[in-house]
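In what follows, a structure is listed as structure tokens, so that the remarks can point back to it.
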Amino acid sequence: MKISMVSEHASPLAALGGVDAGGQNVHVAALSVALARRGHSVRVYTRRDDPGLPAVVPVRDGLEVVHVEAGPPRALPKDVLLPYMHELAEGISADWGAAPPDVVHAHFWMSGVAALEAARHVEAPGYPVPVLQTFHALGTVKKRHQGAEDTSPPQRTWLEPSVGRTADRVIATCSDEVFELKAMGVPGGRISVAPCGVDLELFGSGGPAERKGQRFRIAVVGRLVPRKGVDLAVQALALLAESGHDDVELLIVGGASDSAGLASDPEAQRLLALARILGVVDRVLLRGQVPREQMPAVLRSADAVVCAPWYEPFGIVPLEAMACSVPVVASAVGGLIDTVVHGKTGLHVPPRDPQALAAALAELLHNPGYARRLGAAGRQRARARYSWDRVAADTEKAYQVAVGGTAAARRNRLQPLGGKAL
Ligand code: UDP
């Protein structure tokens with residue numbers, strides 16, 4: 001199949017760990033590679049965010065990344081990108097020319113806006129190409145948890161459901177998302193589920209672990225944004241110290257790549273201030289961004305990986321930890337409900353509950369044999385269910401269903417979304 005991926009802000013070529021660079025970048029990159037490996041021809045369209053980038057970057061056989069001019073060619077927060085989606089759509093359909101793809105797969109709601117518009121431009125076979133949508137995150141869920149702190153553009157409240165209802169198929173990454181999508185008005189019959197995966201060649205239990213001292217190491221990995229709940233891990237560390245566990249450290253990975261960047265990062269500074277107030281700052285290691293190739297060694301150095309987000313559309317980090325045989329303590333939200341099996345591959349705790357987090361960590365601290373068993377079972381689960389090849393096969397099935405959809409159904413979405421301007 002000839003596949004176009006659209007990922008407006010999340011380039012598969014970007015460095016990870018910054019505020020807007022995380023799971024979506026990994027997902028688009030790994031899924032595209034896996035689809036190319038299965039013989040498909042994949043072109044990923046992303047916004048040019050640096051004037052020096054080449055127009056087209058060949059990645060491997062069957063996979064190219066196209067940088068489309070859409071807005072100023074510099075890094076911009078994703079929440080200001082909506083006005084440039086029209087330009088992105090024009091760039092995509094211009095690149096297609098007279099040879100549109102068999103399917104377009106959009107990632108994140110704004111890419112969906114651009115993909116649907118690009119598909120509308122192309123009428124070569126008599127109707128537009130099928131558009132599949134993976135949201136990665138839903139505005140309804142974000143607003144529920146972040147309230148006034150949510151910086152999404154207001155148009156998201158009506159454009160996102162409109163994308164969901166208009167796309168030929170929506171690919172949810174976890175069962176929790178299916179409920180949210182149905183609540184948004186996406187018919188169940190148009191939803192497929194394909195989770196995110198983990199790079200099993202990179203993440204495994206066999207390789208080296210970063211050196212560390214004697215302390216029990218808790219690691220937290222991800223973008224340094226409040227909703228990831230890193231402050232809960234700092235509070236749990238303090239609770240453990242209060243209950244006599246002085247032999248514990250917390251490694252925080254993510255955020256800026258150097259100390260100057262971390263010094264000016266408000267979330268990094270908030271976490272350090274909290275650790276100082278709680279008297280555990282000497283046990284908090286703020287590492288900053290870790291390049292992808294070094295991540296397995298960092299994860300293997302941990303005795304437990306904590307993922308304590310308020311909400312989580314999917315969460316690739318727990319899978320990476322599981323693949324490295326490290327037990328995971330995760331809040332029971334979103335994708336973490338599917339990936340982490342309580343008492344088998346890790347422990348679930350309620351969200352935003354530092355006491356429960358500390359108690360779960362104490363359980364692992366006191367039972368190293370149990371912790372090892374959870375880690376080993378996590379590795380098995382990651383290998384059995386979450387290889388990118390398996391995810392690509394599931395995604396391919398969704399593509400086939402969409403391609404088989406009727407032209408009549410597709411004509412329904414020839415009108416601009418909700419008839420409203422962006
Ligand atoms: N990551 C990384 N270096 C960092 C921080 C994060 O490579 O310094 C990677 C991490 O290993 C994972 C991704 O970024 O592959 C984060 O994905 P996840 O789905 O857990 O969170 P998201 O960022 O999508 O909210």
* Is there any pair linking a residue in the range 22-43 that is within 13 Å of SER387 (Cα to Cα) to one that is modelled with pLDDT of 95 or more and of a type in the set (Lys, Arg), with Cβ under 7 Å and at least six apart or on different chains, and which? -> VAL33/ARG60
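For the range 240-308, please list each of the helices (runs of 4 or more DSSP H) lying entirely inside it that holds at least 1 residues being over 20 Å from GLN214 (Cβ atoms), within 10 Å of the ligand (Cβ to nearest atom) and touching an Asp or Glu at 6+ places or on another chain (Cβ under 8 Å). Show your work before the answer.
Details: elements: 259-263, 266-277, 295-300.
Fully inside the range 240-308 and qualifying: 295-300.
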* Qualifying residue in the range 181-191 (condition: more than 16 Å from the ligand (Cβ to nearest atom), within 19 Å of LEU138 (Cα to Cα), within 21 Å of the chain's Cα centre (by Cα) and crowded, with 20+ Cβ neighbours inside 10 Å) -> yes
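Residue-wise test of (1) more than 10 Å from the ligand (Cβ to nearest atom); (2) closer than 18 Å to VAL80 by Cα; (3) touching a helix residue (DSSP H, G or I) at 6+ places or on another chain (Cβ under 7 Å).
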{"site": "MET5", "(1), (2), (3)": "yes, no, yes"}
{"site": "HIS27", "(1), (2), (3)": "no, no, no"}
{"site": "ALA36", "(1), (2), (3)": "yes, no, no"}
{"site": "VAL44", "(1), (2), (3)": "yes, no, yes"}
{"site": "GLY52", "(1), (2), (3)": "yes, no, no"}
{"site": "VAL57", "(1), (2), (3)": "yes, no, no"}
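Could you check how many residues of the range 164-191 are in a strand (DSSP E or B) and among the small types (Gly, Ala, Ser)? Can you show your working first?
Let us first name the residues in the range 164-191 that are in a strand (DSSP E or B), namely 169-172, 191.
If we keep only those that are among the small types (Gly, Ala, Ser) as well, we get 172.
Final tally of qualifying residues: 1.
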* Do the conditions hold for ARG390, that is, is it surrounded by 14 or more Cβ atoms within 10 Å (Cβ to Cβ) and modelled with pLDDT under 95? -> no
* Structure fact -> Of the residues in the range 316-335, those that are in a helix (DSSP H, G or I) and either in contact with a Cys (Cβ under 9 Å, 6 or more places away or on another chain) or without any contact (Cβ under 8 Å) to a residue 24 or more places away in the chain (or both) number 5
* Cross-chain or 6+ apart pairs with Cβ under 6 Å, the range 129-140 first and more than 19 Å from ASN25 (Cβ to Cβ), then in a loop (DSSP other than H, G, I, E, B) and within 16 Å of the ligand (Cβ to nearest atom) -> GLY139/SER152
* Total residues in the range 355-396, condition of a type outside the set (A, V, I, L, M, F, W, C), over 23 Å from SER301 (Cα atoms) and over 21 Å from the mean Cα position of the chain (by Cα) -> 1
* Do you know which residues across the range 265-305 are in contact with a helix residue (DSSP H, G or I) (Cβ under 6 Å, 6 or more places away or on another chain) and at positive phi? -> GLY288
* Only one of (1) closer than 25 Å to PRO226 by Cα; (2) surrounded by 20 or more Cβ atoms within 10 Å (Cβ to Cβ); (3) of a type outside the set (Lys, Arg) is not met by VAL42, so which one is it? -> (1)
* Structure fact -> Taking the range 206-265 and the residues there that are more than 26 Å from ARG379 (Cβ to Cβ) and of a type in the set (Val, Ile, Thr), the one that is farthest from the chain's Cα centre (by Cα) would be VAL234
* Complete set of residues in the range 220-236 that are basic (Lys, Arg) and either modelled with pLDDT under 95 or under 19 Å from ALA359 (Cα atoms) (or both) -> ARG223, ARG227
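In this structure, does GLY147 turn out to be more than 16 Å from the ligand (Cβ to nearest atom), farther than 29 Å from ALA398 by Cα and assigned to a helix (DSSP H, G or I)?
Values: more than 16 Å from the ligand (Cβ to nearest atom): yes; farther than 29 Å from ALA398 by Cα: yes; assigned to a helix (DSSP H, G or I): yes.
It is true that GLY147 is more than 16 Å from the ligand (Cβ to nearest atom), farther than 29 Å from ALA398 by Cα and assigned to a helix (DSSP H, G or I).
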* Take the range 215-239 and flag every residue that is within 17 Å of ALA321 (Cβ to Cβ), surrounded by fewer than 21 Cβ atoms within 10 Å (Cβ to Cβ) and within 16 Å of the ligand (Cβ to nearest atom). => ARG223
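Of VAL333, VAL349, VAL326, which residue is buried (at least 18 other Cβ atoms within 10 Å of the Cβ), β-branched (Val, Ile, Thr) and under 19 Å from the mean Cα position of the chain (by Cα)? Quick ask: steps written out before the conclusion?
Numbers: VAL349 fails: under 19 Å from the mean Cα position of the chain (by Cα); VAL326 fails: under 19 Å from the mean Cα position of the chain (by Cα).
Just one listed residue meets the conditions, VAL333.
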* To do: Search the range 210-229 for residues that are of a type in the set (D, E, K, R) and pair each with any residue that is away from the ligand (no atom under 16 Å from the Cβ) when their beta-carbon atoms are under 7 Å apart and the residues are at least 6 apart or on different chains.
  => ARG215/ASP247; ARG215/VAL248; ARG215/GLU249; ARG217/GLU249; ARG217/ASP303
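Of the residues PRO130, PRO125, PRO161, PRO195, which is at pLDDT below 95, surrounded by 19 or more Cβ atoms within 10 Å (Cβ to Cβ), of a type outside the set (A, V, I, L, M) and farther than 19 Å from TRP310 by Cβ? Give the derivation first.
Values: PRO125 fails: surrounded by 19 or more Cβ atoms within 10 Å (Cβ to Cβ); PRO161 fails: at pLDDT below 95; PRO195 fails: at pLDDT below 95.
When all the criteria are applied, what remains is PRO130.
Looking at ALA99, ALA10, which is the one that is modelled with pLDDT under 95 and either closer than 25 Å to GLU160 by Cβ or within 15 Å of the ligand (Cβ to nearest atom) (or both)? Reasoning before the result, please.
Numbers: ALA99 fails: either closer than 25 Å to GLU160 by Cβ or within 15 Å of the ligand (Cβ to nearest atom) (or both).
The unique qualifying residue is ALA10.
Mind counting the residues in the range 170-180 that are surrounded by fewer than 17 Cβ atoms within 10 Å (Cβ to Cβ) and not small (Gly, Ala, Ser)? Write out each step before concluding.
So the first thing to find is which residues in the range 170-180 are surrounded by fewer than 17 Cβ atoms within 10 Å (Cβ to Cβ), and the list is 175, 179.
Filter once more, so that each one left must be not small (Gly, Ala, Ser): 179.
The qualifying residues number 1.
The values are calculated or read from the model by the stated rules, or taken from the named source; none is laboratory data. Owing to the predicted nature of the structure, the values given are computational and were not obtained by experimental measurement. Note that each Cβ is placed from the backbone with ideal geometry, even for glycine, and that neighbours are counted across all protein chains shown.
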